[in-house]
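Here is the structure we will look at.
The values are calculated or read from the model by the stated rules, or taken from the named source; none is laboratory data. All values derive from a computational prediction rather than experimental measurement. Reconstructed Cβ throughout: ideal geometry from the backbone, glycine too, with neighbour counts over all protein chains shown. Ligands, DNA and RNA are excluded from the accessible area calculation, which covers all protein heavy atoms including side chains. Shrake-Rupley method; radii C 1.70, N 1.55, O 1.52, S 1.80 Å.
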Amino acid sequence: MGYNLPVENLKLPAVFTYGSATAAYQIEGAADRDGKGKSIWDVYTHLEPSRTNGENGDVACGHYDRVQDDVKLMADLGMKTYRMSLSWTRIIPLGGRHDPVNEVGIAFYDKLIDALLEHGIQPSVTLYHWDAPQTLYERYGLFLDTAEFRADFEHYARLCFSRFGDRVKTWITFNEPYIISIFGHLNGTLAPGHCAERGSDTVREPWRVGHTLILSHAAVTAIYADEFQPTQQGRISIVLNGHFYEPFDRSNPADIAAAQTRLEFYIAWFGDPVFLGRDYPACMRVYLGDRLPVFTEDDLDLLRATSKINSFYGMNHYSSKFARQITDRPPAKDDWTSNIEELSTNIHGEEIGPASSSAWLRIAPTGFRKLLNWVSSRYPHLPIIITENGCPCPGETDMEVAKDDQFRQRYLGLYLDAISRAIYEDGIEVQGYYVWSLMDNFEWSAGYGPRFGIIHVDYDTLGRTPKNSAYYLRDTMEQRRGTSSVRNDY
Ligand code: BGC
């Protein structure tokens with residue numbers, strides 16, 4: 001697999017859409033305006049000592065007050081779609097199914113959705129991108145109580161479908177259930193910050209959280225299909241993230257197996273129940289034993305029925321790693337990857353790719369293409385949409401580096417080439433690409449340090465300046481825009 005063919009000749013299929021992605025807490029600001037309730041991130045970012053580099057999303061990019069300008073920028077940059085998330089507590093401030101609805105919050109999203117459509121941009125809406133209602137956390141621990149969370153999420157989703165579904169035709173239930181489970185309830189680096197050091201049961205919690213997310217996704221998918229899809233004619237799915245994993249030592253069968261197991265623990269954990277309507281991967285059942293909750297017959301019926309309704313695989317992907325099998329098993333509280341270590345160099349000291357300014361993110365387009373193949377062979381019935389992809393550049397605090405963000409342009413170019421080759425040479429159906437992110441924003445535990453935007457945000461003035469990568473993407477997408485509706489008919 002090389003990168004020496006003239007990929008600019010590889011047109012993208014006509015269905016392929018280009019856009020950008022954001023999340024409510026990362027850009028909106030206006031954290032307590034117009035009746036909005038507190039989310040777990042509003043609380044987490046104000047804990048002392050800070051777990052978010054002393055920073056928070058109170059103001060963020062001020063998107064709440066800049067909807068018209070931001071949407072116009074998207075249109076000027078050639079975007080035809082926009083993946084955004086809804087802040088649950090703007091819509092239902094306390095979050096629960098018996099709590100009042102905040103019409104001002106609904107009006108904000110009405111305004112945003114209408115502005116997008118007026119500019120010819122299709123909204124793709126994520127119901128949950130990490131900012132759960134704090135009140136529900138205090139009432140019952142959110143995802144730790146499957147029945148309660150599911151009932152509240154169903155109510156919230158139904159409200160969103162009924163109020164926005166006349167205009168929103170692509171719905172995503174959850175963003176990255178893996179991160180919610182592991183980073184929120186095992187490493188504790190993201191809200192609500194559960195980890196063994198702070199007294200949480202990391203032996204069981206992450207798997208319970210994952211279970212809740214899977215069943216809540218399925219329940220809401222069924223509601224959409226039964227009550228809304230017949231008239232609204234939209235589509236629904238979930239977004240899964242995941243690195244690709246290469247064996248640390250290619251000549252060691254244990255590392256070859258580890259790379260596969262790591263992918264299953266990361267992606268198939270959710271993908272198999274949700275998209276195949278069946279139990280967790282066998283390797284997880286065997287390794288985790290009774291730490292992994294059990295699906296009842298009713299649960300499996302629901303999963304089987306809804307697996308066919310998901311109409312795409314939403315892929316968030318950034319980078320690849322090497323997987324190495326370790327032999328000594330750690331205590332259960334730290335034992336969640338099937339005892340596999342993740343590294344950025346292999347046994348020969350070769351790096352997986354050049355480092356960005358975030359330690360975990362390196363340029364590794366070959367792994368991306370392999371992941372597209374892996375996902376497509378495991379879930380062959382689903383077209384793939386790249387729901388997030390992007391990087392922060394080294395040295396980007398310097399405005400000159402930010403404006404001419406060559407590292408990012410190179411990254412994006414190589415990853416787009418991987419998509420073209422996956423479509424053209426591997427026969428994989430990829431229907432769209434959302435760059436992460438529209439603009440620099442609040443990068444969770446890293447605060448405002450890493451800048452992932454293709455638009456620079458000056459956090460003092462909240463001014464926006466498109467970076468060269470924004471023009472690069474606009475022009476490249478225009479050049480590669482195909483007219484064929486048949487995926488491999490170029
Ligand atoms: C998340 C984004 C985040 C991005 C970069 C994804 O995991 O969905 O919210 O900003 O990665 O870290």
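Can you list the strands (runs of 3 or more DSSP E) lying wholly within region 300-415 that have 2 or more residues being within 16 Å of the ligand (Cβ to nearest atom) and surrounded by 18 or more Cβ atoms within 10 Å (Cβ to Cβ)? It would help to see each step written out before you state the result.
Values: elements: 313-316, 320-325, 340-343, 384-388.
Output list reads 313-316, 320-325, 384-388.
Restricting to region 124-179, and then to whatever is surrounded by fewer than 24 Cβ atoms within 10 Å (Cβ to Cβ), closer than 13 Å to Arg97 by Cβ and among the aliphatic types (A, V, I, L, M), can you tell me which residue is nearest to the ligand (Cβ to nearest atom)?
Selected residue: Leu159.
His211 versus (1) open to solvent by 10 Å² or more (accessible area, probe 1.4 Å); (2) within 30 Å of Asn373 (Cα to Cα): which is the lone unmet condition?
For His211, the failing item is (1).
Only one of Ala254, Ala225 is open to solvent by less than 30 Å² (accessible area, probe 1.4 Å) and either closer than 21 Å to Asn373 by Cα or in a helix (DSSP H, G or I) (or both); which?
Working: Ala254 fails: open to solvent by less than 30 Å² (accessible area, probe 1.4 Å).
Testing whether each residue is open to solvent by less than 30 Å² (accessible area, probe 1.4 Å) and either closer than 21 Å to Asn373 by Cα or in a helix (DSSP H, G or I) (or both) leaves just Ala225.
Could you tell me which residue of region 52-75 is nearest to Lys169 (Cα to Cα), considering only residues that are among the charged types (D, E, K, R), open to solvent by 60 Å² or more (accessible area, probe 1.4 Å) and touching a residue at least 40 places away in the same chain (Cβ under 8 Å)? So that I can check it myself, show each step before the final result.
Taking region 52-75 first, the residues among the charged types (D, E, K, R) are 55, 58, 65-66, 69-70, 72.
Cutting the leftovers down to open to solvent by 60 Å² or more (accessible area, probe 1.4 Å) gives us 65-66, 69, 72.
Subset that is touching a residue at least 40 places away in the same chain (Cβ under 8 Å): 66, 69, 72.
Values: Arg66: 24, Asp69: 23, Lys72: 21 Å.
Top of the filtered list is Lys72.
Can you name the residue in region 270-299 that is in a loop (DSSP other than H, G, I, E, B) and aliphatic (A, V, I, L, M) and is also nearest to Gln233 (Cα to Cα) among such residues? Reasoning before the result, please.
Residues of region 270-299 that are in a loop (DSSP other than H, G, I, E, B), as a first pass: 277-281, 292-296.
Now drop any that are not aliphatic (A, V, I, L, M), which leaves 292, 294.
On the way: Leu292: 36, Val294: 33 Å.
Here the answer is Val294.
Output the qualifying pairs, or none if there are none: Cβ atoms under 9 angstrom, residues six or more apart or on different chains, first residue in region 156-168 and of a type in the set (S, T, N, Q), second residue buried (at least 17 other Cβ atoms within 10 Å of the Cβ) and in a helix (DSSP H, G or I).
Once the first residue is of a type in the set (S, T, N, Q) and sits in region 156-168, its partners that are buried (at least 17 other Cβ atoms within 10 Å of the Cβ) and in a helix (DSSP H, G or I) give Ser162/Phe228.
So Ala446 ticks every box in (1) at pLDDT 95 or above; (2) within 22 Å of Leu10 (Cβ to Cβ); (3) open to solvent by less than 70 Å² (accessible area, probe 1.4 Å) but one. Which box is left unticked?
(2)
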